[in-house]
Structures are given as C-alpha cells and as structure tokens.
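Student: Let me give you the structure first, and then I'll get to my questions.
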Amino acid sequence: MPTRILRSNTIANIADFGAQSPGVPALNAAAFRRALAASRRIVIPAGLWNLAEILFDDDPWLPPEVEIFGEGPTQSVLVYQPVDPSVPLFWFRPDTQSPARSTIRDLRLHGPVVPCIDVPPVGIGVSFEQALNCRVRDVSLWYFEVGVEFSRGVAPYSGYNVLERFEINACRTGIRARDTTNGNTIQNGRIFYSLYQESEEGGENPTCVARTVVAESGIGIDIEGTTSPWGPAGSSGLLVQGVQIETAVTCVRVVNAHQTTISGGYFEPFNAPPGLPMRRIFEISGSTGLVLQGTPSRRAAGRSTTRPGPRATSTRPPRIPRPSPGPRSRARATSGPS
C-alpha cells in the first residue's frame, strides 16, 4: 500500500485543484485526489459535482484523519457515477490498529441511478466497513442500493462509529449492519422510502412509466448476522436512537444480533393496498439482549412481527417522492424486549 502524506490542515477547495461543476466524473475524482494529497480538510463548494471513484493506486479508501464537508446538504451535491458500482462513494480507511478518525458532513450524496418501477437503485453511499472512530453527520443520501453500510460481515470489525442528523431517501436498504458491527451509534435521523418495486412486465423502464406492481422489497435498517456455537454472531452493542422510518416493506430487521438497543423511534411502513399482506415495522429472530424502548400504539403493534413473513405488494406504483416535513401518523416502536 502506498504511503500517503497529508501536508496541511489548511482547507483545500476541490475547485482549486481542477474540479468543475457539474464536470466530468473521472476528472473531478482526480481533482479530489490532488486535494486530499495536499490537505486533510477538504471542502466541496455549493453546486452539483459529478464524481467517479476516488482511487489511490487502485485503493478505494479515504486517507485517515480527514474531514470532508460541504456548505450544507441543500447546497453541496455529489452525484456518484462510478465505473465499478460496488465501490462506495466514500469508504473510510479500514484499520483496527490505527483508527481512521475521519468525518464527512454537510453534504448531499446521490447514487448513479434514479430508481423507479423495474429500475433498482445502485451502489453504496458511505461505508464504515472495518473502520474505527469515524463520523457522518448532517448528510443526505439519495438513490443508493445501500445508503450507509456499517459492515459486510467480514472480519475485522467496524466499531465506535457515529451516524447522526442524517436523511436517507429512496435507497432500497437505508442502513446495513452485518457481523462485526460493534459499538456503533445511529441517532437522530430519517429514512424515507426504502422501497423497490417490480412489475409484471419487467425489463427496462427508462422513462419510469406506471406499471402493475407484483412485488416489492426494501428495509429501513437491516441488522443481520450469522450464528455460531456460542449464539448470535451479528451486530453487538449497536445503538439506534431517535430514528424515523417511513415507507418500507420492513422498517427494522434484526436477525442473529445481540446487545442491540432501539430507542425512541418513529416507524410507519404505510399500508399495503386492501387484500394484500401488510408491511411490517419489525422482523426479529434469533437475537439476544435486544432492547426496544418507545411508546406503543395500536397501529404499530399490529404491524410488528418476530417471524419472517410475506413481502407487501402494491398495485399503485408511486413516484419517488421527496421527504415530507414531518410524520403523518402516531405509530411508534413497541416497548419491551422481543
């Protein structure tokens, strides 16, 4: 792995290193690399910026101890257009011996494809995979297959990272946490429209025309682990606090996790059409030490489950909406351990 020298704490503006708005994705990525080589603090000015993978000699990880920030989620927008969609837009450096201690804030991140019926979202917005002591705050993510990834379940672990004051919109999976997700915090954010729909016709749908929907999938927060001879091997010590999830087939899925706390949430999957299976607030199985804290309601309790069930379907395909300013019902997380 090549050695990286971060020369200064002076703020480096990507426009001063050759980036243009909206610009060519590969050229803007090269400007980003030059800025990161000059400083550990990078600013993305107001505007829309196309961006390809930020690679360092084929290494997709950010340098350690960097701060990447914009002028606010409504002002500084990065549109990800990668050659390889499996590479996250931002991937904190994985190193359990030397914590990355990096921050991303005050940005809006867009995936490469605007999803609609039969057009799935693509890519990963931000990955904490195997990273330590990193923080993402005041960030809005749109149109990714996975908005934020804490772990893919590969050792070593990701730990002590914080995601806060966030919005994740129109991503099939808002947040994903597999095995080796240890001691992370998710707080004070909103996940909206974790939903991908498929039609009878199938195939390409470049103009996003209305079609008859026969299946849909989508999870707001997916906490899934494996099992071991000692019990659940999934996420451990994960705190989810003050998170609102609206419009999802399943708001929160917890499988084979342990010592996970979900507190003060507002969860509303919204109704499936009459006669079709209900969407769910919870899918919980194989987990130990799970704590759910909140104010129960009749509607919320009616949609909770501890077993996998059929996915909801819809005959009326909605357009991808922007987040509404506030909740539209009083459904909350049920209280008490499952």
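Student: Only one residue in VAL209, VAL213 is under 29 Å from PRO112 (Cβ atoms) and either under 18 Å from the mean Cα position of the chain (by Cα) or at pLDDT below 85 (or both), so which one is that? Show your work before the answer.
Tutor: Details: VAL209 fails: either under 18 Å from the mean Cα position of the chain (by Cα) or at pLDDT below 85 (or both).
Of the residues listed, the single one that is under 29 Å from PRO112 (Cβ atoms) and either under 18 Å from the mean Cα position of the chain (by Cα) or at pLDDT below 85 (or both) is VAL213.
Student: Counting only residues that are without any contact (Cβ under 8 Å) to a residue 24 or more places away in the chain and either touching a helix residue (DSSP H, G or I) at 6+ places or on another chain (Cβ under 6 Å) or in a strand (DSSP E or B) (or both), how many does the stretch 11-40 have?
Tutor: 6
Student: For GLU224, are the conditions met, namely being in contact (Cβ under 8 Å) with a residue 24 or more places away in the chain, among the acidic types (Asp, Glu) and within 27 Å of PRO94 (Cβ to Cβ)? Show your work before the answer.
Tutor: Details: in contact (Cβ under 8 Å) with a residue 24 or more places away in the chain: yes; among the acidic types (Asp, Glu): yes; within 27 Å of PRO94 (Cβ to Cβ): yes.
So GLU224 fits the description; yes.
Student: Are there any pairs, at least 6 apart or on different chains, whose C-beta atoms fall under 6 Å, with the first in the stretch 162-174 and without any contact (Cβ under 8 Å) to a residue 60 or more places away in the chain and the second acidic (Asp, Glu) and surrounded by fewer than 19 Cβ atoms within 10 Å (Cβ to Cβ), and if so, which?
Tutor: Every condition considered, the pairs that remain are ARG165/ASP138.
Student: Continuing with this model, one more query. For the subset of the stretch 182-217 comprising residues that are hydrophobic (A, V, I, L, M, F, W, C), out of contact with any Ser or Thr (no Cβ under 7 Å at 6 or more places or on another chain) and not in a loop (DSSP other than H, G, I, E, B), which member is farthest from SER287 (Cα to Cα)? Walk me through how you get there before you give the answer.
Tutor: Step one: filter the stretch 182-217 for residues hydrophobic (A, V, I, L, M, F, W, C), giving 186, 191-192, 195, 208-210, 213-215.
So of that shortlist, the ones also out of contact with any Ser or Thr (no Cβ under 7 Å at 6 or more places or on another chain) come out as 186, 191, 208-210.
With not in a loop (DSSP other than H, G, I, E, B) added as a condition, the list becomes 186, 191.
Details: ILE186: 19, ILE191: 23 Å.
Per the criteria, the residue is ILE191.
Student: Return the total of residues in the stretch 216-228 being over 19 Å from ILE117 (Cβ atoms) and of a type in the set (A, V, I, L, M, F, W, C).
Tutor: Going through the stretch 216-228, the residues over 19 Å from ILE117 (Cβ atoms) turn out to be 220-228.
If we keep only those that are of a type in the set (A, V, I, L, M, F, W, C) too, we end up with 221, 223.
The qualifying residues number 2.
Student: Could I ask something else about it? When residues of the stretch 275-306 are filtered for being at pLDDT 60 or above, in a loop (DSSP other than H, G, I, E, B) and over 21 Å from the mean Cα position of the chain (by Cα), how many remain?
Tutor: Within the stretch 275-306, the subset at pLDDT 60 or above is 276-294.
Filter once more, keeping what is in a loop (DSSP other than H, G, I, E, B): 276-279, 286-287, 289-290, 294.
Of the ones still in play, those that are also over 21 Å from the mean Cα position of the chain (by Cα) are 276-278, 286-287, 289-290, 294.
The qualifying residues number 8.
Student: Among the residues of the stretch 106-123, count how many are of a type outside the set (A, V, I, L, M, F, W, C) and within 14 Å of the chain's Cα centre (by Cα).
Tutor: The first filter runs over the stretch 106-123 and keeps only residues of a type outside the set (A, V, I, L, M, F, W, C), leaving 106, 108, 110-112, 115, 118, 120-121, 123.
Of the ones still in play, those that are also within 14 Å of the chain's Cα centre (by Cα) are 108, 110-111, 121, 123.
Number satisfying all stated conditions: 5.
Student: Can you tell me which condition VAL240 does not meet? The list is (1) out of contact with any Lys or Arg (no Cβ under 9 Å at 6 or more places or on another chain); (2) hydrophobic (A, V, I, L, M, F, W, C); (3) surrounded by fewer than 24 Cβ atoms within 10 Å (Cβ to Cβ), and all the others hold.
Tutor: Going through (1) out of contact with any Lys or Arg (no Cβ under 9 Å at 6 or more places or on another chain); (2) hydrophobic (A, V, I, L, M, F, W, C); (3) surrounded by fewer than 24 Cβ atoms within 10 Å (Cβ to Cβ) one by one, VAL240 breaks only (3).
The values are calculated or read from the model by the stated rules, or taken from the named source; none is laboratory data. All values reported here derive from a predicted model rather than from experimental measurement. Note that we place each Cβ from the backbone using ideal geometry, even for glycine, and neighbour counts take in every protein chain shown.
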